[in-house]
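Visitor: Shown below is the structure under consideration.
The values are calculated or read from the model by the stated rules, or taken from the named source; none is laboratory data. Because the structure is a prediction, the values reported are computed rather than measured. Counting neighbours? That spans all protein chains shown, and the Cβs are built from the backbone with ideal geometry, glycine included. For the accessible areas, the whole protein counts, side chains as well, though only heavy atoms, and no ligand, DNA or RNA atoms are used. Shrake-Rupley method; radii C 1.70, N 1.55, O 1.52, S 1.80 Å.
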Amino acid sequence: MDVLDADADLVSLNFEYTTDAGVVWISSTNLDRTLNSLIPQLATTFLWQSSQDFLTDETTVMIRTTPSDAQSSGTSSISNLFSVLNNHEPIAQ
């Protein structure tokens, strides 16, 4: 995904996910970094810590990011369906 801003303003991204193929979208801040004050067209990576949002294995997950700057919100970008397998920690007994 590319984040562009015609005025070269700093951009923030709203991160949402769905586990039901897009019926209900849920905001998440469980990321390894903030998605505020991003420089458009500068490569940025982040890790979604999905196990803090749900502990189950899900097969109909999508993410949606919506950019905004100080003036307005932009068009959302939505991923294709994918699976999340939140591996549980092993237990020694």
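Visitor: Cα centroids of the stretch 67-93 and the stretch 1-27: how far apart, whole angstrom?
Guide: The distance from the Cα centre of the stretch 67-93 to that of the stretch 1-27 comes to 10 Å.
Visitor: Kindly provide the pair-distance distribution of the stretch 1-88 built from C-alpha pairs, with 5 Å bins from 0 and whole-percent values in order of increasing distance.
Guide: Per 5 Å bin, starting at 0, the Cα pair percentages come out as 3, 14, 24, 24, 17, 11, 6, 2, 0.
Visitor: Size of the dipole of the chain about the Cα centre, Lys and Arg at +1 and Asp and Glu at -1 on the beta carbon, nothing else charged, in debye to 20?
Guide: Charge dipole of the chain: 60 debye, to the nearest 20.
Visitor: Using the heavy atoms of the protein chains alone and a 1.4 angstrom probe, what is the accessible area of the chain per residue in square angstrom?
Guide: 70
Visitor: Could you check which residue among 71, 52, 41 shows the biggest mean-square fluctuation in a GNM of the chain with a 10 Å Cα cutoff?
Guide: 71
Visitor: Moving on. Any idea what the relative contact order of the chain is, in percent, if you count C-alpha pairs under 8 Å spaced at least 6 apart?
Guide: Over the chain, the number comes to 31 percent.
Visitor: I want to verify a result. In a Gaussian network model of the chain, Cα cutoff 10 Å, which of these has the top mean-square fluctuation: 31, 42, 13?
Guide: 42
Visitor: In nm, give the distance between the simple-model label positions of residue 23 and residue 66, each being 7 Å from the Cα along the Cα-to-Cβ direction.
Guide: It works out to 2.1 nm between the two label points.
Visitor: Which percent of the accessible heavy-atom area of the stretch 17-59 goes to carbon and sulfur, probe 1.4 angstrom?
Guide: That share works out to 52 percent.
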